[in-house]
1. Specify which of the listed residues (Val117, Val93) is assigned to a loop (DSSP other than H, G, I, E, B) and more than 16 Å from the ligand (Cβ to nearest atom).
2. Limited to the stretch 122-136, what total is found for residues that are over 26 Å from the mean Cα position of the chain (by Cα) and at negative phi?
3. Taking the condition surrounded by fewer than 13 Cβ atoms within 10 Å (Cβ to Cβ) and either within 28 Å of Ala177 (Cβ to Cβ) or modelled with pLDDT of 95 or more (or both), does Gly136 pass?
4. Can you say whether Pro173 is assigned to a loop (DSSP other than H, G, I, E, B) and over 20 Å from the mean Cα position of the chain (by Cα), as far as the supplied structure shows?
5. What pairs come out if I take residues in the stretch 130-151 that are in contact (Cβ under 8 Å) with a residue 60 or more places away in the chain and pair them with residues that are away from the ligand (no atom under 16 Å from the Cβ) and among the hydrophobic types (A, V, I, L, M, F, W, C) whose C-beta lies under 7 Å away, six or more apart or interchain?
6. Which of the following residues is modelled with pLDDT of 95 or more, surrounded by 14 or more Cβ atoms within 10 Å (Cβ to Cβ) and in contact with a Gly (Cβ under 6 Å, 6 or more places away or on another chain): Asn151, Asn142?
7. Tell me, please, whether a residue that is modelled with pLDDT under 90, assigned to a strand (DSSP E or B) and of a type in the set (Val, Ile, Thr) can be found in the stretch 65-75.
8. Considering only the stretch 139-167, state which residues are within 13 Å of the ligand (Cβ to nearest atom) and under 26 Å from the mean Cα position of the chain (by Cα).
Amino acid sequence: MSITALGSSAPGSTGARRGPVPGPPAPAPASSTTAATLLLNATYEPLCVVSSRRAIVLVLAAKAEAVDVTDDEVHAERVTVAVPVVVRLTRYVRVPYPVQVPLSRRAVFTRDGSTCVYCGGSATSIDHVVPRSRGGTHTWDNVVAACRRCNHTKADRSLAEMGWSLPHPPGAPSGAAWRLLGHRTVDPRWHEWLGMPDSVSA
Ligand SMILES: [Zn+2]
């Protein structure tokens, strides 16, 4: 999608309009499904997820423009604003990203498809491939999703001792979508901006 096509989303065309009734300065979206907004850089690169309230403040301050909005509206500062699903910063911000995606239980489960890497069953725990008691590190290349049974069976032994193997070497994930995994849910309407297939959030 070209910048030109998206550039038509000027602030005046994105839902902000004059309303007859002055409202409270702090808008509060009523629907919990619209409580989060994907924030894009001026380059349309996904940056992070912010509260819809924060996104509306950015739009009202002309620091961001709505790219996609919901049917919900909030009254704020004498204007009625459509609650945004996706907003884009009007000015580019340079953001230093962590070199690696933070390691978390949730992120490991997502990387491994919530499947035990040893038996293919449903993963319920995190296993250190080289046990921590034997110097294994808590790093992306040494943690995998595992079912409780495999984890318990393996205990403090190495894969060689067990005669087990991994389908592929574990590693740190990368990509825009991973920066947002810390958020509890990924709105399907964000997918096109995240380069995610619809199945990822399931
Ligand atoms: Zn297993």
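1. Result of the check over Val117, Val93: Val93.
2. Residues in the stretch 122-136 being over 26 Å from the mean Cα position of the chain (by Cα) and at negative phi: 7 in total.
3. When the stated conditions are applied, Gly136 does not pass them.
4. no
5. Here the result reads none, with nothing in the stretch 130-151 linked to a residue that is away from the ligand (no atom under 16 Å from the Cβ) and among the hydrophobic types (A, V, I, L, M, F, W, C).
6. Of Asn151, Asn142, the one residue that is modelled with pLDDT of 95 or more, surrounded by 14 or more Cβ atoms within 10 Å (Cβ to Cβ) and in contact with a Gly (Cβ under 6 Å, 6 or more places away or on another chain) is Asn142.
7. Scanning the stretch 65-75 turns up at least one residue that is modelled with pLDDT under 90, assigned to a strand (DSSP E or B) and of a type in the set (Val, Ile, Thr).
8. Val144, Ala145, Ala146, Cys147
The values are calculated or read from the model by the stated rules, or taken from the named source; none is laboratory data. Everything numeric here is computed off the predicted structure, so don't read it as measured data. Positions of Cβ are generated from backbone atoms using ideal geometry, with glycine treated the same way; all protein chains shown enter the neighbour counts.
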